[in-house]
Amino acid sequence: MLKFPEGFLWGAATSAYQIEGAWNEDGKGPSIWDTFAHIPGKIRDGSTGDVACDHYHRWREDVALMKELGLKAYRFSISWPRVIPSGKGPLNSKGLDFYDRLVDALLEAGIEPFVTLYHWDLPQALQDLGGWANRDVAYYFSDYAAAVARRLGDRVTYWTTHNEPWVVAWLGHGWGEHAPGVRNPKMALQVAHHLLLSHGLAGEVLRDLGRPDAQVGIVLDLSPVHPASENPNDLIASQRVDGFRNRWFLDPLFRGSYPADMWAFYGNIVPEVKPGDMAQIARRLDFLGVNYYTRTVVTYDPKEEFQIRRVQVETSEHTEMGWEVYPQGLYELLVRLVQEYEVPALFVTENGAAFNDNLAPDGRVCDEKRIQYLRAHIREAHRTIQEGVPLRGYFVWSFLDNFEWTHGYTKRFGIVYVDYKTLHRIPKESAYWYARVIANNGLD
Ligand code: IFM
């Protein structure tokens, strides 16, 4: 039996746009994802998050199921346009009421709420003002953080400001694959800077307005980067991708500066940084949330953007997303974060896999591959703790099957199956397996 430390926070995660639905109910304003998903051709199956898992109406049932499975924590995000429909200005009390009730219900069920303020659904009204490329939005974000903290701060201990700023910057503004669909690398870097700045500003607000024991962090999607060969060009390529994916965010947060090699490499597309910004970004963090799915293997290729190409390791197993199953990458990553950045505490805030799940005639969903994936990663997480890594919790992505962004509903990540016709929830075998892990506080 691999036992975890007492009090280890076992949880599952979701995000607002991916599960809530009710996109235009009770005074909610539109977000950039509402706009984007409604543009024909943007989402592979032509779907939207209009209804999603209908969690906005079914949250009681969902919390009851979390309790049944024994979850110790639930990571969810708050929809900014549900709380402040225009992004700034008047609050929507019905929106705040929704999260208020959810937090109460979780606490009553003995489940720790783990709140993310931004999981990609910027109010459209702020996009109309330039979105994250506009520095003012960082300040509107901290006003939004204050509004949420005033309402929930007496009961919520764990806060994260942003989820995966790299995705917001690059998929949203560099390559145009995500909302708001902009293709402009210079803007992507400016957006990344404003996201980091807004994190620093909001973090301060959460500390001022939250409980004295509030724990404030940010969630990064990190990936160990490996060269495809020993060739020196591949080594340079892997350092560059590490700078692009990992260090561009870690260095400002933990060292107060952008990595010098990447700053030089980006040349005239570097962001505008005002005096005081870096100190604001590098203010104290209580923990770092890490979303880990796979490693990144790269090779030098002069024909590609930044002279880099991603390589598929054909001999490995891959998930439905085409991502290599590489559990030891989690170990490598967490150990590095402590050694190189002296991260004070860590949570795995997302880890999981999409597989082709089927609801069998007997009503069961036998997702053995997901169980194997989770087991292997949890084992690596345990190994890091043995070596002194301050890992405090682990969240499966995801609690429910949900709207997987540009893939629509075609990729199922949940430990709970959602029948999108009836919206019935059916725990998969992985959910029952995970419930046993939680009950035993460890792996058999
Ligand atoms: O579904 C996403 C989530 O919103 C952010 N992290 C990765 C998940 C799987 O792609």
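To the nearest 20 debye, what is the magnitude of the charge dipole of region 115-238 about its Cα centre, counting +1 on the Cβ of each Lys and Arg and -1 on the Cβ of each Asp and Glu?
The dipole of region 115-238 has a size of about 300 debye.
About the Cα centre, and with charges only on the beta carbon of Lys, Arg (+1) and Asp, Glu (-1), how big is the dipole of the chain? Nearest 20 debye, please. Walk me through the numbers on the way to the answer.
Details: 46 positive and 57 negative charges, 77 e Å.
With Lys and Arg at +1 and Asp and Glu at -1, about 380 debye.
With unit charges on the beta carbon (Lys/Arg positive, Asp/Glu negative), name the residue among Thr422, His318, Ala435 whose Cα is farthest towards the positive pole of the charge dipole of the chain.
Looking along the dipole axis, the top candidate is Ala435.
How large, in percent, is the carbon and sulfur part of the accessible surface of region 255-305 at a probe radius of 1.4 Å?
With neighbouring chains kept in place, the figure for region 255-305 is 51 percent.
Treating the beta-carbon of each Lys and Arg as +1 and of each Asp and Glu as -1, no other charges, what is the dipole magnitude of region 261-406 about its Cα centre, to the nearest 20 debye?
380 debye
Amide H to amide H under 5 Å from Val325: which residues, 5+ apart in sequence or cross-chain, H placed 1.01 Å off N in plane?
Under 5 Å from the amide H of Val325 lie the amide H atoms of Glu317, His318, Thr319, each far enough along the sequence or on another chain.
Take the cross-link list Lys67/Lys94; Lys3/Lys411; Lys28/Lys186; Lys28/Lys421 and give me the ones stretching past 27 Å between alpha-carbons.
Going by Cα-Cα distance, Lys3/Lys411; Lys28/Lys186 fall outside the 27 Å limit.
Taking only C-alpha pairs under 8 Å that are 6+ residues apart, what is the relative contact order of the chain in percent?
Working: 928 pairs, mean separation 79.9, N = 444.
Relative contact order of the chain: 18 percent.
Could you please report the charge total around Glu6, scoring K, R as +1 and D, E as -1 over all other residues with beta-carbon less than 13 angstrom from its beta-carbon? Spell out each step's value before the answer.
Details: positive: Lys3, Lys72, Arg392; negative: none.
Once all neighbours under 13 Å are counted, the net charge is +3.
Give me the accessible area per residue for region 165-239, probe 1.4 Å, as a whole number in Å².
I get 34 Å² per residue for region 165-239.
When the accessible area of region 116-227 is split by element with a 1.4 Å probe, what percent falls to carbon and sulfur?
Ligands and nucleic acids excluded, carbon and sulfur reach 49 percent.
Write down the accessible area per residue of region 290-393 in Å², having rolled a 1.4 Å probe over the full set of protein chains.
46 Å²
Would you kindly derive the ³J(HN,Hα) couplings of region 63-68 from the backbone phi angles with the Karplus curve 6.51 cos²θ - 1.76 cosθ + 1.60 (θ = phi - 60°), listing them in order in whole Hz, with x for Gly and Pro?
5, 4, 5, 4, 5, 4
For region 321-399, give the percent of accessible area contributed by carbon and sulfur heavy atoms, probe 1.4 Å, rounded to a whole number.
On region 321-399, the fraction of accessible area on carbon and sulfur atoms equals 45 percent.
What ³J(HN,Hα) values, in whole Hz, does the Karplus curve 6.51 cos²θ - 1.76 cosθ + 1.60 give for region 127-134 when θ = phi - 60°, with x put for Gly and Pro?
Listing the rounded values in order: 4, 5, 9, x, x, 5, 6, 8 Hz.
Take the Cα atoms of region 1-120, build their convex hull, and give its volume per residue in Å³.
129 Å³
Residues with amide H under 5 Å of Tyr158's amide H, sequence separation 5 or more or different chain, H placed in the peptide plane at 1.01 Å from N; which?
Distant-sequence amide H within range of Tyr158: Val115, Gln215.
For the pair Glu305 and Lys3, how long in nm is the line joining their label points, each one 7 Å along Cα→Cβ?
About 5.0 nm, to one decimal.
Can you work out the FRET efficiency for the pair His57 and Ala439, with r the C-beta to C-beta distance and R0 = 41 Å, to the nearest 0.05?
Working from the Cβ atoms, E equals 0.85.
On a C-alpha basis, how far is the centre of region 251-330 from the centre of region 411-444 in Å? Whole number, if you could?
Measuring centre to centre over Cα atoms gives 31 Å.
Would you mind computing, in nm to one decimal, how far apart the modelled labels at Glu68 and Val313 are, each placed 7 Å from Cα along Cα→Cβ?
3.8 nm
Ordered by packing density, taken as the mean number of other Cβ atoms within 10 Å over each peptide's residues, highest first, how do 352-364, 302-314, 161-173, 197-209 rank?
161-173, 197-209, 352-364, 302-314
Just to be sure I understand: if I project the alpha-carbon convex hull of the chain onto a plane and average over all orientations, what area do I get in nm²?
Numbers: hull surface 81.2 nm².
One quarter of the hull surface, i.e. the mean projection, equals 20.3 nm².
Explain nothing, just compute: Karplus ³J(HN,Hα) = 6.51 cos²θ - 1.76 cosθ + 1.60, θ = phi - 60°, for every residue of region 344-354 in order, whole Hz, x for Gly and Pro.
Coupling constants for region 344-354: x, 7, 10, 10, 7, 8, 8, 6, x, 8, 8 Hz.
Considering only region 284-422, what is the antiparallel percent among its DSSP beta bridges, to the nearest 5?
Rounded to the nearest five, the antiparallel share is 35 percent.
List the residues, sorted by chain then number, that are 5 or more residues from Asp54 or on another chain and whose placed amide H is less than 5 Å from its amide H.
Gly21
The values are calculated or read from the model by the stated rules, or taken from the named source; none is laboratory data. Just so we're clear, the structure is a prediction, and the values are computed from it rather than from any experiment. Please note: Cβ atoms are built from the backbone with ideal geometry, for glycine as well, and neighbour counts cover all protein chains shown. Each accessible area value is taken on the protein alone, full model and side chains, heavy atoms only, with ligands, DNA and RNA left out. Shrake-Rupley method; radii C 1.70, N 1.55, O 1.52, S 1.80 Å.
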